[in-house]
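In what follows, a single structure is set out as C-alpha cells and then discussed.
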Amino acid sequence: MYTAEQTKVLQDQSKDILSKLNNSVTFNDLALLKQVLRFHEYRYYVLNDPLLSDYEYDLLYQCLVKLEAANPDMISPDSPTQRVGSSLNQFFETTPHLVPMLSLDNSYNAEDLQDFDRKARELSGTDLLEYCIEPKFDGASISLYYENDLLVRAVTRGDGVAGEDITNNIKQIKSIPLYAPFSTRGIQQIEIRGEVIMSKNAFEQYNQKLVSKGLSPLANPRNAASGSLRMKDPREVAERNLDAFLYHISYVTHLHNQHDKSLETHGGSLSLLWDMGFRSPQKEKRIIKGIEGVIDYCLSFEATRDNLPYEIDGMVIKVNELALQEKMGMTSHHPRWAIAFKFKARQATTELLDIEFQVGRTGAITPVAKLKPVFLGGVTVSSISVHNEEYILQKDLRIGDQVLIERAGDVIPQIVKSLPELRRGHERFIQFPKKCPVCYSELFKEEGEAVWRCINIECTAQVVEKIIHFVSKDAMDIKSLGEANVRKFYELGLLKDIPGIYKLDYFSIAQLDGFGKKSLDNLQTAIETSKQQPLYRLIYALGIRFIGETTAKTLANAVNHLMDFATKSEEELLLLEDVGTKVAKSIQHFFSNQQNLQMLKELENIGLQLVNIKKEVSADGTLQGQSFLFTGTLEQLKRSEAEAKVEAAGGIILNGVSSKLNYLVVGTDAGSKLEKAKKINSIKIITEQEFIELIKGQ
Ligand code: IVH
C-alpha cells in the first residue's frame, strides 16, 4: 500500500505536525493531516504495526477535529473523523447486491477434495488446475461498494440477493478504509465481499467487560461479530473492536477501458485489495497447482489454527484463473469453481444433567452446568460455567435438556443454546437457590448486578476459596500448598484461615499419606519464603474485590504501611491511578472490617511484609533524584516495568501530580493527571516513546 519511501515521508510529516501542534498548524495542513491519519490507521489496524503512540495519534486526530470544526466546508466523507457515528440507526434499508452473494459447497476430507478437483478439471477442460487457498473466516459476511475511491455503502448478506444497508456500523471498523485509491488501478466502481470478524483477543476483552458489569458474556466471536452488524448505536459497534477480511471482488467497472492485469486471477485480486489498503488474506493465501498440494496446505493450516489471533472454521479453495471460473459457472447456491474445506467441528450436543451452585471467594454464587461428558476439540467436557441466573433464563436451560456446546480454539467452552425441539417432557426448570448452598445464609443481589452473593464472610466455602487465592501463583505463590492440599487440610481441621497457613501443625501433616520428609520440607520452606513476598503481592493475595494485580501495585506504592489504608478517605483513594469509586469503596469496606484488621495484625506478627520497602536507589544513576509519574495505558512497557526502570536508574516514582514532579509520562486515555500537569510549567510531559529513549541513554 505504501512504499518504504512514502512511509518515511508520511512519518516525517506526522512528526512535523506534532512538533508544531498548538501554535502553527493551519488550514493548509488539513489535507495533509487527513492523509497522515489515514496512513496511521492503516499501520495500526491493517498491519498491526503502529509507528506512533496512541497518544500521538490522538493529538493529530484532535487537531483535525479542531480544524474541521473551524472549516466545516472542508469535511469530506473519507476524513478519518467521519467514522464516528453521530446518530442512532433508525432502520436499515433493504438494498440489492450488484451480484448475488452465493454460499459455498462444503467438503470434509481429502476424498471430497479429490472429487471436487475431478469435476472442476472436467468442467474447465484442464488437466492440472491452479488453485488459490485461503482461510475460511468465521464471522458475518458483508458486501462493500466503492465508487470513485470512496466507500459508498456496506450491506449485510441478507437473502443473498438483497441485504440491509449497515454503512454507519461498518464505518466503525477501522481496518476498512473509507477511501481507497482504486482509480490508480483504473477502477471506477467495485463491489467487494468479505467477513466481519472479532479477534480472539477483542472477544475475550469484550466478554471480560460484560462480566465485570454483571452482564452475560457472548457465546463466541462469530455471534459477537454477526450480532454487531445491525446494532442501533454505532458507538457500541466501535466498542467491540471488530475487524474485517476482504476476499472476493464480485463486480468492477473500469475507467477509460483501463484493465488491471491483476484482476485476471483470484490471487491477483487479493493482492490488489491488499495494495488498496484492505485486510485481505494476502499473507495466508497460497497458489498451488494440483489438489494434493492443496490438501496438504489445508491440513497443515488446520494443525496451526489455534495459533491464529482470529477464528477460522476451514479453508476455501478457489480456481485461480477468473476466465476459468467464468467458464465453470455456478449453481443457484454456490459457484462450481470454489469449495470450502471444513475443519473438524468444535461443537457437540450433550445432556445437561444438573446444575451445581458454587460459592466463590467473594461469595458470588456461580451456577455450573454438569454435562454428560463429551469429547470436544481434543478435551472431554463435563462441566461448564453458566455464569448467572439471567444467563440461564436467556438460554432457556432446563435440567435434562440437550444442549449445543462449543469450544472456540483455546477459549473456555460455552453453552451456545438449548435444543427445546428435542425435549421429551421430563425436563425440569432450574431453581436458583435463595440460601447459600454451603452455609445456608440468605443470598443477596445488588442493584444492577446479575450475581447473587453469600455475604457471610465466615461461610466456609468462601474461606477455602480465599485461602486458595492467597497461596496461588500470582499472589503469595506458595507452590507446595496448592488447591488440593488447602481443601484437604481444611477438611481435616488442620487449616481454618489465612494466618493458619503459617501455623500449620507439621507433626499432624507428617502422619498423612503422601507427606514424606521431602515434601514436608518443601512445604515448610515455601511457606517460610512467602513471608518475604513484596507488599503488592500480599495486597493482591487478600482477594479484596476489584483489586487485580495492577491495582495492587498502585496501592502498594501509595502507602508506607498497609494499615495506612485503614485511615484513607475515599477522596484520597480516588486520587490514585486506576482507582474509581467502585474500587475505593471496596478498599474502605475491607479496611473497616475489624476481623480483617485483626488478620493483618496477626500476619504482621508472623513476619509478613506489611511495610512498603522501596528499592534502593542507585547512587550513580543518571535519573538520580528525578521524579516520574505514569498516566494512561502504556503500549510497549508494563507499568511495573517502566517504574522499575526509573528506580533502577536512580529516579523516584511519585503518586500524584505536584510541583515536586519532574516528568509525567503519558500513555493512552490519560485523564485528569495530564490536565493537572499541564498547569504546572516545571513538569516535563513526555510520551512513552520519549521515555523509552530517555531510559535508553542510561
Ligand atoms: S468466497 C462466490 N472466501 O463462508 C464467493 N467465503 O459458507 C463465495 N467465507 O458465504 C464466498 N471466508 O460468508 C469466501 N475466504 C472466503 C471466506 C468465505 C469465509 C464465508 C462467506 C460465505 C460462507 C460460505
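Coordinate-derived values only; no laboratory data. Note that the structure is a prediction, hence the values are computed from the model and not measured. Here the Cβ is made from the backbone with ideal geometry for all residues, glycine too, and neighbour counts use every protein chain on show.
Quick notes on this one:
- Projected label distance in nm at Asn48 and Ser672, using a 7 Å step from Cα toward the beta-carbon: 3.7 nm
- Counting only alpha carbon atoms, the long axis of helix 581-591 and the longest principal axis of the chain meet at about 20°.
- Per-residue ³J(HN,Hα) for the stretch 442-448, Karplus 6.51 cos²θ - 1.76 cosθ + 1.60, θ = phi - 60°, Hz, x for Gly and Pro: 5, 8, 10, 10, 6, 4, x
- Size of the stretch 72-204 as Cα extents on the principal axes (Å, biggest first): 60, 41, 30
- Rounded to whole Å, sorted largest first: equivalent-ellipsoid semi-axes of the stretch 566-698, Cα gyration tensor: 30, 20, 13
- For peptides 438-446, 476-484, 622-630, 462-470, sequence by mean Cβ density within 10 Å, most packed first: 462-470, 622-630, 476-484, 438-446
- For the stretch 309-440, the C-alpha radius of gyration divided by 2.2 N^0.38 Å, with N the number of residues, is 1.50.
- The share of alpha-carbon pairs in the stretch 232-380 lying farther apart than 19 Å comes to 70%.
- Eligible aspartates and glutamates near Lys435 by straight Cα distance, threshold 17 Å, same-chain separation 8 or greater: Glu356, Glu389, Glu446, Glu458
- Dmax and Rg, reported as Rg then Dmax, of the stretch 471-527 (C-alpha, Å): 10.5, 30
- Residues in the stretch 192-220 reached by a label modelled at Phe546 [backbone nitrogen below 18 Å; 7 Å Cα→Cβ]: 208-215
- Convex hull volume of the Cα atoms of the stretch 519-640, normalised per residue: 162 Å³.
- Cysteines, the chain, no other Cys beta-carbon under 4.7 Å: Cys63, Cys132, Cys298
- Between Gln6 and Ala510, the contour length at 0.36 nm per residue exceeds the Cα-Cα span by 174.3 nm.
- All C-alpha pair distances within the stretch 1-157, sorted into 5 Å bins from zero, spread as 1, 6, 12, 13, 13, 12, 11, 9, 8, 6, 4, 3, 2, 0 percent across the bins.
- Cα long-axis angle, helix 517-530 against the chain (0 to 90 degrees, to the nearest 10): 90 degrees
- Compactness ratio for the stretch 97-148: Cα radius of gyration over 2.2 N^0.38 Å (N = residue count) comes to 1.53.
- Relative exposure of Val666, Val161, judged by other C-beta atoms within 10 Å (fewest first): Val161, Val666
- Electrostatic tally near Gln358: other residues with Cβ closer than 15 Å to its Cβ, Lys and Arg +1, Asp and Glu -1, net +1.
- Alpha carbon convex hull of the stretch 148-267, volume per residue in cubic angstrom: 120 Å³
- Taken over the stretch 419-509, the percentage of Cα pairs per 5 Å bin, counting from 0 up to the bin with the maximum distance, is 3, 11, 17, 15, 13, 12, 11, 7, 6, 4, 2, 0.
- Percent of C-alpha pairs per 5 Å bin, the stretch 210-315, short to long: 2, 9, 14, 16, 16, 15, 11, 9, 5, 2, 1, 0
- Rounded to the nearest 0.05, the FRET efficiency derived from the C-beta distance between Leu255 and Val161 at R0 = 25 Å is 0.35.
- Farthest toward positive dipole pole in the chain [+1 Lys/Arg, -1 Asp/Glu at C-beta], among His259, Ser519, Met101: Ser519
- Here the stretch 221-260 is treated as a sphere whose radius is the Kirkwood value from Cα pairs; by Stokes-Einstein at 10 °C and 1.306 mPa s it diffuses with a coefficient of 121 µm²/s.
- Cβ-based net charge around Gln114, under 14 Å, with every Lys or Arg adding one and every Asp or Glu removing one: -4
- Kirkwood radius and radius of gyration were both taken over the C-alpha atoms of the chain, and their ratio Rg/Rh is 1.01.
- With the highest mean first, a sort of the peptides 680-689, 175-184 on other beta-carbon atoms found within 10 angstrom per residue produces 175-184, 680-689.
- Along the stretch 116-133 the Karplus relation, 6.51 cos²θ - 1.76 cosθ + 1.60 evaluated at θ = phi - 60°, assigns HN-Hα couplings of 4, 4, 4, 5, 5, 5, 4, 4, 8, x, 10, 7, 10, 9, 9, 10, 10, 10 Hz to successive residues, with x for each Gly and Pro.
- Separation in nanometres of the label points that stand 7 Å from Cα toward Cβ, at Glu571 and Asn28: 5.1 nm
- Size of electric dipole in the chain: Cβ of Lys, Arg +1 and of Asp, Glu -1, about Cα centre, debye, nearest 20: 1080 debye
- Around Ala162: net Lys/Arg minus Asp/Glu count, Cβ-Cβ under 14 Å: -3
- Scoring 143-151, 201-209 by mean Cβ neighbours within 10 Å over their residues and listing the highest first yields 143-151, 201-209.
- Listed from fewest to most Cβ neighbours within 10 Å, the set Trp274, Trp452 follows the order Trp274, Trp452.
- Against the chain, whose longest principal axis is taken from its Cα atoms, helix 200-212 shows a tilt of about 50°.
- Distance in nm between pseudo-label sites at Gln114 and Gln90 (7 Å out along the Cβ direction from Cα): 6.0 nm
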